[in-house]
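These notes concern the structure reproduced below.
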Amino acid sequence: MSTDRLPEADVFARECPSRPVLQNITGRWGVLVLAALVDDTRRFSELRRRVDGVSERMLSQTLQTLERDGLIHRAVLGTIPPHVEYSLTDLGRRITAPLLTLIDVVEESMPEIVAAQDEYDRTH
């Protein structure tokens, strides 16, 4: 798809191509993979250990999707056996920065969140 003919992005519009990209980024595994790559280049096995609970298949799909969206770079090293490393692109770093802020706010707010959940569960 040519970028010179794209209408202005609007995630609220049903057919906007930004919707699936937003889903790829903010989905369960996308945000964690992006955050795991923020500090360093990692190999597949390192990512799998860092993103606890992700299956090999789901990690592979997530990496392919994020690579297609231009957020991560996949480098195949000419070693035997071949090694593959993943890193954030400039676009990936730009998009990941606010995600890290969100992660920090959620982690810092967990006592309040747990209290709200407990209150809700008691009253519903």
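What follows is calculated from the coordinates using simple rules that are stated; it is not laboratory data. Note that this is a predicted model, so its numbers are computed, not measured. Here Cβ is always computed from backbone atoms with ideal geometry, including for glycine, and neighbour counts include all displayed protein chains.
Model label points for S60 and R28, set 7 angstrom from Cα along the Cα-to-Cβ axis, are 1.9 nm apart.
Chymotrypsin sites (Phe, Trp or Tyr not before Pro), restricted to segment 43-124: which are DSSP loop and have at most 14 other Cβ atoms within 10 Å? Numbers along the way, then the final one.
On the way: sites: F44, Y86, Y120; in loops: none.
Qualifying residues, ordered by number: none.
Put a dot 7 Å past the Cα of L102, heading toward its Cβ, do the same for Q117, and the two dots end up 1.8 nm apart. Using Cα springs under 10 Å in a Gaussian network model of the chain, which residue among T79, T101, T62 shows the largest mean-square fluctuation? Maximum among the listed residues: T79. Label positions at T41 and A9, each projected 7 Å from the Cα along the C-beta direction, are separated by 2.6 nm.
A helix-only calculation puts the chain at -17000 deg cm²/dmol for mean residue ellipticity at 222 nm, using -39500 (n - 2.57) for each DSSP H run of at least four residues, averaged over all residues.
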